Amino acid sequence: MTVDHAPPDISAKSGAATLAAPVGPALEPVVPAASRGGRLRSVPRWLRRTVGPLVLLALWQVLSSTGVLSPDTLASPGTVARAGADLIGDGTLPSAMAISLQRVAVGLLIGGAAGITLALLSGLSRLGEDLIDATVQMLRTVPWVGLIPLFIIWLGIGEAPKVALIALGVAFHLYLNVYAGIRGVDAQLVEAGQALGLGRWGLVRHVVLPGALPGAMTGLRYSLATAWLALVFGESINADAGIGFLMNQAREFFRTDVIVVCLVVYAFLGLLADAVVRTLERLLLQWRPTFTGQ
Amino acid sequence: MTVDHAPPDISAKSGAATLAAPVGPALEPVVPAASRGGRLRSVPRWLRRTVGPLVLLALWQVLSSTGVLSPDTLASPGTVARAGADLIGDGTLPSAMAISLQRVAVGLLIGGAAGITLALLSGLSRLGEDLIDATVQMLRTVPWVGLIPLFIIWLGIGEAPKVALIALGVAFHLYLNVYAGIRGVDAQLVEAGQALGLGRWGLVRHVVLPGALPGAMTGLRYSLATAWLALVFGESINADAGIGFLMNQAREFFRTDVIVVCLVVYAFLGLLADAVVRTLERLLLQWRPTFTGQ
Amino acid sequence: ADTKTSGSVTLNVGDQKGGSEAILKAAGELDHLDYKIKWSTFTSGPPLLEAVNAKAVDIGAVGNTPPVFAAGADSKIKVVAASHGSSAGEAILVPEDSPLKQPSDLRGRSVAVAQGSSAHYQLLATLKKVGLGIGDVRLSYLQPADALAAFNRGKVDAWAVWDPYTSQVLGSKKGRVLATGEGVVNGLGFQVAAPAALGDPAKAKAVGDYLQRLNRAQDWVFKHPEAWAKVWSKETGLPYSVALDSVKRSNGTRVTVAVDDAAIASEQQIADTFAGLKLIPRRFSFKDYVDTRFNGSLPASTTAPRSYGKASS
Amino acid sequence: MATDLHGPVTTMATATPDAVRVEGLTRSFDGRAVIDGLELTLRSGEFTALLGRSGCGKSTLLRVLAGLDREIEGTVLVPKRRAVAFQAPRLMPWKRVWRNVLLGLPGKPQRAVAESALEEVGLGHRSGAWPKTLSGGEAQRASLARALVREPDLLLLDEPFGALDALTRIKAQQLVAELWQRRGCAVLLVTHDVDEALLLADRVLVMRDGVIAHDTPVGLDRPRTVGAPGFAGLRSRLLTELGVEQPAAPSL
Amino acid sequence: MATDLHGPVTTMATATPDAVRVEGLTRSFDGRAVIDGLELTLRSGEFTALLGRSGCGKSTLLRVLAGLDREIEGTVLVPKRRAVAFQAPRLMPWKRVWRNVLLGLPGKPQRAVAESALEEVGLGHRSGAWPKTLSGGEAQRASLARALVREPDLLLLDEPFGALDALTRIKAQQLVAELWQRRGCAVLLVTHDVDEALLLADRVLVMRDGVIAHDTPVGLDRPRTVGAPGFAGLRSRLLTELGVEQPAAPSL
Ligand SMILES: Nc1ncnc2c1ncn2[C@@H]1O[C@H](COP(=O)(O)OP(=O)(O)OP(=O)(O)O)[C@@H](O)[C@H]1O
Ligand SMILES: Nc1ncnc2c1ncn2[C@@H]1O[C@H](COP(=O)(O)OP(=O)(O)OP(=O)(O)O)[C@@H](O)[C@H]1O
Ligand SMILES: [Mg+2]
Ligand SMILES: [Mg+2]
């Protein structure tokens, strides 16, 4: 009603504009999505995602059987599969995985808790940030290998240093992404949360943490990978089982086939971690209508 | 003007509500920010950020000099400083840093380009994602150590495998965060970009990349750290200088003091990387009014 | 892995795959112990010594260079026993078709070697013997696994390495020996204990017993090379033929000897060599890191190793 | 118009307690004072409308009153129980609509509470939807429902009906009026619609140059209609305050 | 009202070419058809207003016409040069306001181009600001300026004046009308303001149940006023279509 007393000064008559453009613009159709690429879209996602790894596998096989990749360079998939089957058959690989899995689980738990707590402390309060962030940024670059002697001195040679290495890697990775996630939360939403009467903890729970979730998911991806990678170092200290130990030992005794089996296992773990995080994302981030490529 | 013909049916008179609440609510003041914590705020950021590391240093010194931390467990800051001064004095550390820095720079460049390109390919197109993402997710978990023999076979024992290791680490880290960043870009803004007539490349340049920038910054943090960490492995291949070599050598020869010096150098590099990324963030993300803690 | 028996004393033993535990078990020397043994497995000598220094391990077996470096860093270690084996396994290898015929041909060539390993010293000593200095060859510091790749691909001209790697390369016919360590290196291996363990009478007693058992087990190994090679190959994943080769070339030839002045002197020589290269920060006396109480009536460290005859060449 | 300031208002202030007291409020962005020495008193139970040019600082004032902006100078006294409907809906995208409505309510309110609030704004059928799938008007209504379930002493509404069609708008206005009458809270409504202000409010403020430049009570009987005597006068007065030139002969 | 559909309109269609042709358009969200077999033809040079209840699918239709939503069934023909002002401003937060305005323009337009467009919507002084520091109305005007500099054949405006005060709103309306007259483009304006629709448009559509339920030409002479003969009739007709009960005796 604010305009009715002063309408815009449109002095031309209704048809004036039309006369100025007697020929209309060329029209183009808006093509429905269903009519293009429909067949490809109907293939389920997880199946389409296996294409890349399968292509890689095929390439490996082809290069091996044509002799471009000599067995010295890299054993053929067949050889590796056989070595893998042997390792599974005699129980080495399953028991190694079982033991490593335990260490990874404990390390993930401890490191995850530590990383998220630190990220919360420094993400939520300026004081926390001043004290924690620079310290963590400083410590996270310190290489594991150099820490092992110190860890042996501090934590002995039992499970503690192995788990500590895993936890350390996990904690730093989660910290970095969760902290960045928290600092990336839209200030307007935080304000809205405050205005709705959320307390400090309510804000964290209902606004900051969900807002940091996408970042935390990326952190989780890293953490899952890092946890297994840390085993390579962790299981060089007084271990006689585990995937990291297997790898170290194979290196020690030139079992190239076993090394490649371990690498394949790691690759598989990578795929698994990806699947886990993707599932979590589907569940937890379904509210997020974001850009999904074209 | 849409309401004037049907006003809300407010039958009570103007004062009715007031009479129902003769006693007003208790009032609380909105305290201006200037009146609380003002003094702390006036300390410049970078200075406040040194508090954490300095506290850590002080703690180390105190524990060392009170004997709680015996020299066997961890050399005192003084000892380490002396060892560091020696290493600097005889030129070992400066030349190691210079050589490593070159490797890091080349690796960062190559790995950065590769990582960002891959992230763009799989972030921007569904086809790219199907082919690339799973493959990268699979490969990034593969431990470096196991790859070194392959790298030697493929790339020899010169600079190539060292730089390749760095590039690999950098590429995976950037990939992960940039990809997540791209997928986190608000779909509404991408739509707006399309509606404004931006082409594919225009969308990437003006919408997707800036939107992925916060993620890329976190990726950069990782990458800078990873590049230096990869040296520990890279410089175990036929190197006779470099910070990674120094570290490996020290471990081989039980030079705990040198190890700690290397760790300190790494910590310092971490602080440096943090400072670099923070500066970049201040420049590139100034448009972002996000939650900054309380 | 705990070896369970009666007794309240627990000996923490650091071990490597296919090391002391396997030998003792194969030789049946783990029965009737009056103390417990807690085994800890390490991938190589240096981390094992780190654990000894950290008192996490009471005793463990290592080669002839790690104790020198550990002592150089003033770690809390004591060398308590030694064994002398053939140095035929410590070799400088060159590819089959290499033009190199003798060590002096190494001048200007690239040689792969693991830093700080016994082969590192062997290379230095060999070069010195033929009048070459460290600057006359191009050193490529590579861990064995990486060196093998480089060696097979011809990225290095020679490779200084030890058994069982030597046997493995020779067995695969990819390389031949340019020079062995015989007459160049001392061929010693050591048992290194933590001083704290030695200070505890009960533990010291257990250490003494443990060393005797090892001594007996070593005898068993010499007499049963095939049986031991089988065990060893199973433990480590080495092919049986390589394991047997290696047993006959070096592993089975070891005799337990006293840590006597000769042994100390030869180790001191290693120490001085590396100190000269500034790889050890200080000059020190290796003697200070030796405890001779378990020498007993053991033969001198210069006692010739055992031999399986021509197979050991 | 400056004479209007606090004129008839101060006499009433003695009768009812204050819900908001603002003295010498200044808020600057990058050195530009958007609010500049503003004085304002709102009485509890009073329905106030705030008009002003786009960018004159209305939302800024509301943020200060909500206690969200503390980079201020001056004295601001507000009740503890406040509710805000922001100009943009600001729904948490990760919570379904009904959870957004319940967010921050004390106790463990049931979904039914949210459902009924959403039903009132005509959003019952979208209560389980994700916020990003709502239409503009739906999001605005969800945000309004979220403010109204809070039963506040001070209700701050920043253009809450801007994206609503005629019918939906009337219903939403009724809802606000009902809550106001039931609870007797102070309401500060930012709107660009002069008629809406005159139909709903006891008092209309016009903000300009960082201060309340015009402050007039609306002495019309309720229920009000656009045609009521005095309405047209108030309206043309306010439009002039807002800078709109009036044609000599108004409609019909 | 169904008889109105395409009645007087079809005869005019022969004279001028079409700018938009939509046949049998259907768009469903989660199985619910928001647009359901919609037919629509807009002639080039025609100014059309689109009214409808909140959530009835107006924005959805605009997104389809802008070519942004392809999850559709049916035929949609639109010109290549289109410009949209979305319901939410959707400014790129990482580009200063003037860069937002120039975004996607062909060639290398100067800042001055953006400045003058911003000046026209009264935002000249904020041209160097970050979008997140704009007030609601400022952001809406920036978004409008961004659409107007594009010189399109089809201009799609989704409630572009909703957050503007009376005076600013009039100016913005004038801007749109000027562009329309100068370029002779087709304009589709979504609004909740019936008077605004009648003052600006050649034709008013009311959307309901996923189709254009009401389609009426506005045969008033320009310049138009609210008091013009026939205005009140059209207005009450449209309000009835929108579900608003009219009091027996209208204002004054
Ligand atoms: N964070 C900020 N930094 C700089 N300027 C700001 C910031 N926030 C708001 N402003 C400016 O302050 C002025 C007042 O903003 P405010 O949002 O209060 O206006 P408003 O009266 O609500 O306008 P509208 O009716 O358009 O919503 C505007 O010119 C705006 O650009
Ligand atoms: N992505 C989506 N998923 C599910 N439902 C949706 C989605 N987008 C829109 N809708 C629903 O479709 C309906 C039409 O939405 P649309 O935005 O077109 O309404 P509108 O007519 O523009 O309303 P308003 O006047 O409130 O802006 C609404 O009920 C909305 O909730
Ligand atoms: Mg505002
Ligand atoms: Mg809409």
Filtered residue count, region E:60-71, keeping only those that are facing another protein chain (nearest Cβ under 7 Å) and surrounded by fewer than 24 Cβ atoms within 10 Å (Cβ to Cβ) | 5
Residues of region A:175-192 satisfying the condition of being farther than 30 Å from D:SER59 by Cα and open to solvent by 10 Å² or more (accessible area, probe 1.4 Å) | A:TYR179
Looking at (1) out of contact with any Pro (no Cβ under 8 Å at 6 or more places or on another chain); (2) in a helix (DSSP H, G or I); (3) not β-branched (Val, Ile, Thr), which is the only condition A:GLY181 fails?
-> (1)
Condition broken by D:VAL97, with the remaining ones in (1) on the phi < 0 side of the Ramachandran plot; (2) away from chain E (no Cβ under 14 Å) satisfied | (2)
When you look at B:VAL55, is it in a helix (DSSP H, G or I), exposed (fewer than 14 other Cβ atoms within 10 Å of the Cβ), among the β-branched types (Val, Ile, Thr) and at pLDDT below 90, yes or no?
-> yes
Any idea how many residues of region E:112-151 are open to solvent by 30 Å² or more (accessible area, probe 1.4 Å), of a type in the set (D, E, K, R) and farther than 23 Å from B:GLY211 by Cβ?
-> 4
Could you say whether any residue in region D:95-116 is farther than 25 Å from D:GLY57 by Cα and within 16 Å of the chain's Cα centre (by Cα)?
-> no
Considering each of E:PHE47, E:PHE86, E:PHE29 in turn, give the residue that is under 15 Å from the mean Cα position of the chain (by Cα), among the aromatic types (Phe, Trp, Tyr) and either within 14 Å of chain D (Cβ to nearest Cβ) or open to solvent by 40 Å² or more (accessible area, probe 1.4 Å) (or both).
-> E:PHE86
Pull up region E:115-145, narrow it to residues that are within 11 Å of chain D (Cβ to nearest Cβ) and hydroxyl-bearing (Ser, Thr, Tyr), then point me to the one that is nearest to ligand 4 (Cβ to nearest atom).
-> E:SER135
Does D:PRO106 meet the test of being more than 16 Å from ligand 4 (Cβ to nearest atom), over 25 Å from D:ASP165 (Cα atoms) and open to solvent by 10 Å² or more (accessible area, probe 1.4 Å)?
-> yes
With respect to A:PRO71, determine if the residue is closer than 21 Å to A:VAL260 by Cβ, open to solvent by 50 Å² or more (accessible area, probe 1.4 Å) and not in a helix (DSSP H, G or I).
-> yes
Among all residue pairs at least 6 apart or on different chains, which show Cβ distances below 6 Å where the first residue, located in region C:130-144, is under 15 Å from C:TRP159 (Cα atoms) and the second is at pLDDT 85 or above and among the aromatic types (Phe, Trp, Tyr)?
-> C:PRO144/C:TYR165
Using the structure shown, decide if D:LEU154 is at negative phi, more than 13 Å from chain E (Cβ to nearest Cβ) and open to solvent by less than 10 Å² (accessible area, probe 1.4 Å).
-> yes
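For every residue, the table says whether it meets (1) within 14 Å of chain B (Cβ to nearest Cβ); (2) part of a helix (DSSP H, G or I); (3) not hydroxyl-bearing (Ser, Thr, Tyr).
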site: C:GLY18; (1), (2), (3): no, no, yes
site: C:GLY28; (1), (2), (3): no, no, yes
site: C:HIS32; (1), (2), (3): no, no, yes
site: C:VAL52; (1), (2), (3): yes, yes, yes
site: C:GLY60; (1), (2), (3): no, no, yes
site: C:SER75; (1), (2), (3): yes, no, no
site: C:PRO99; (1), (2), (3): no, no, yes
What residue, of A:ALA12, A:ALA26, A:ALA20, is closer than 30 Å to E:GLN181 by Cα, within 14 Å of chain E (Cβ to nearest Cβ) and at pLDDT 75 or above?
-> A:ALA26
When region C:96-125 is checked residue by residue, the ones that are more than 25 Å from C:SER172 (Cα to Cα) and not basic (Lys, Arg) are C:SER104, C:GLY108, C:GLY116, C:TYR121, C:LEU124, C:ALA125
Examine region E:172-195 for a residue that is more than 16 Å from ligand 4 (Cβ to nearest atom) and under 18 Å from E:LEU239 (Cα atoms), and state whether such a residue exists.
-> yes
Considering only region C:1-25, state which residues are at pLDDT 80 or above and of a type outside the set (A, V, I, L, M, F, W, C).
-> C:SER8, C:THR10, C:ASN12, C:GLY14, C:ASP15, C:GLN16, C:LYS17, C:GLY18, C:GLY19, C:SER20, C:GLU21, C:LYS25
For B:LEU168, indicate whether it is open to solvent by less than 10 Å² (accessible area, probe 1.4 Å) and either closer than 14 Å to B:LEU231 by Cβ or touching a residue at least 40 places away in the same chain (Cβ under 8 Å) (or both).
-> no
Region A:58-68, residues that are closer than 21 Å to C:ARG153 by Cα and assigned to a helix (DSSP H, G or I) = A:TRP60, A:LEU63, A:SER64, A:SER65
Looking at region A:137-148, which of its residues are open to solvent by 10 Å² or more (accessible area, probe 1.4 Å) and in a helix (DSSP H, G or I)?
-> A:MET138, A:LEU139, A:TRP144, A:VAL145, A:LEU147
Could you check E:LEU220 against (1) part of a loop (DSSP other than H, G, I, E, B); (2) among the aliphatic types (A, V, I, L, M); (3) closer than 17 Å to E:ARG53 by Cβ and say which number it fails?
-> (3)
Any chance A:VAL106 is farther than 18 Å from B:PRO53 by Cβ, surrounded by fewer than 23 Cβ atoms within 10 Å (Cβ to Cβ) and within 10 Å of chain B (Cβ to nearest Cβ) = no
Regarding D:ARG70, is this residue over 20 Å from D:GLU159 (Cα atoms), over 13 Å from the mean Cα position of the chain (by Cα), free of Cβ contacts under 8 Å to residues at least 12 places away in the same chain and more than 16 Å from ligand 4 (Cβ to nearest atom)?
-> yes
Quick one: D:THR41 ticks every box in (1) more than 7 Å from every other protein chain (Cβ to nearest Cβ); (2) of a type in the set (Ser, Thr, Tyr); (3) under 29 Å from E:ILE170 (Cβ atoms) bar one, so which box is it?
-> (3)
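The values are calculated or read from the model by the stated rules, or taken from the named source; none is laboratory data. As the structure is a computational prediction, the values presented were derived from the model and not from experiment. For neighbour counting, all protein chains shown are included, and Cβ atoms are generated from backbone atoms with ideal geometry for every residue, glycine included. Calculation scope for accessible area: heavy atoms of the full protein, side chains included, ligands and nucleic acids excluded. Shrake-Rupley method; radii C 1.70, N 1.55, O 1.52, S 1.80 Å.
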